[in-house]
1. Which of the residue pairs 57/159; 142/171; 39/142; 39/159; 39/87; 64/171 have a Cα-Cα distance greater than 18 Å in the structure shown?
2. Between the range 209-251 and the range 79-137, how many Å separate their Cα centres?
3. Taking the Kirkwood radius as the inverse of the mean 1/r across Cα pairs, report the Rg/Rh of the range 247-299.
4. How would the chain be classified by its alpha-carbon gyration tensor: rounded, prolate or oblate, with rounded meaning a/c under 1.5 and the a/b versus b/c comparison settling the rest?
5. Write out the trypsin sites (Lys or Arg not before Pro) in the range 87-172 meeting two conditions: DSSP loop, and at most 11 other Cβ atoms within 10 Å of their Cβ.
6. Under a 5 Å amide H to amide H cut-off, with H placed in plane at 1.01 Å, what residues pair with residue 251 once short-range neighbours are removed?
7. Once R0 is set to 41 Å, what does the formula 1/(1 + (r/R0)^6) return for the Cβ-Cβ distance between residue 133 and residue 107, expressed as a FRET efficiency to the nearest 0.05?
8. Assuming R0 = 25 Å, can you tell me the calculated FRET efficiency for the pair residue 289 and residue 79, based on Cβ-Cβ distance, to the nearest 0.05?
Amino acid sequence: MNAAKFIWMNGKYVPWDEAQIHVLSHTLHYGNGVIEGTKAYKTDKGYAIFRLNEHTKRLKESAKMTLIDIPFTVEEMNEAQIELVRKNEFTGDNVYIRPFAFLGYGVMGLYHKDAPVETVMAAWEWGAYLGEEGLRRGIRLKIASMTRPANTSNMGKAKASANYLNSQMAKFEAIESGYDEALLLDDQGYVAEASGACFFMVRDGQLISPPNDNSLESITQKTVIEMAGKMGLEVVRRRITREEIYVADEAFLTGTAAEITPVREVDARLIGKGERGPITEKIQSGYFDIVFGRDPAYEHYLTYI
Ligand code: PPE
């Protein structure tokens, strides 16, 4: 990865290499931690963080769900991220910010009430999540053999570190099988989300994305729905089964890291013409206009640093 200069740890900026923890930290053993993924883009007026407050609020909410009491307010954490991007003196066209909270050293055993909470914000320059070619040509998606855990035994709305074991297994399987990314169904067989992004398809001019019944409440998905509405596209939130995807005209993934990544193939079936479709292209370029500060209608989503 690309190292940066400073990491914010519990209220202080520490040099990148000194941001260390004890091997007996609670989260390392039992997996209860929460993360965010936020992005800053280099606009004509300098870096701007996209939908900063919503990402930080989601971190606080994920922590509440998994019983981690973050000792910082959303405002304090927003300020820390702004300052972090400033202090690191980045030069690239975008910066990934990873705010997270986890349980530190001092308590063993599952009952975590007395484990110290560590709050960290890191930022670094990260290339295209699913590759530059993926953004242009589209990626190949495999439906994973594992499903997303059922809501009866998991909290998919929390951006919890523990949820990523399921994502990791699916992603590994997809890549080992020659694909780029995994799509997970829920325990009823309906599309939930990709390993680290949400799913959209286009059929007969209609944009369809599943409800967030078994997925993260994606901020990028919400942005795309708003954009599509303004572009005059019909957007439907409904359950999707796998065979519908096979005959979709277009498909794409949305996420902070994935941005808008076209899908050109799913389980050995070409989607549409097997390339980035016209609606996907429109949404993708519209999204880049927004995050790079080229669309005044969405200026309120940008926090300039
Ligand atoms: N679902 C999952 C499981 C997920 O991890 C993400 C983001 C999304 C949906 C999209 O959410 P949003 O970013 O609010 O639109 N995944 C983050 C982590 C990626 C990683 O590999 O790390 C991200 O995109 O930052």
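Values in this text are rule-based calculations from the coordinates and carry no lab data. Predicted model, so just to flag it, every value in this text is computed and none were measured. Note that we place each Cβ from the backbone using ideal geometry, even for glycine, and neighbour counts take in every protein chain shown.
1. Details: 57/159 11 Å; 142/171 9 Å; 39/142 27 Å; 39/159 16 Å; 39/87 16 Å; 64/171 28 Å.
From 57/159; 142/171; 39/142; 39/159; 39/87; 64/171, over 18 Å: 39/142; 64/171.
2. So the two Cα centres are separated by 27 Å.
3. On the way: Rg = 12.7 Å, Rh = 11.8 Å.
Rg/Rh: 1.07.
4. Working: a/c = 1.90, a/b = 1.31, b/c = 1.45.
It comes out oblate by the Cα gyration axes.
5. On the way: sites: 87, 113, 136, 137, 140, 142, 157, 159, 171; in loops: 113, 157, 159.
Hits after loop and neighbour filter: 113.
6. 202, 263, 277
7. Working: r = 46 Å, r/R0 = 1.13.
So the FRET efficiency works out to roughly 0.35.
8. Details: r = 27 Å, r/R0 = 1.10.
Plugging the Cβ-Cβ distance into 1/(1 + (r/R0)^6) gives 0.35.
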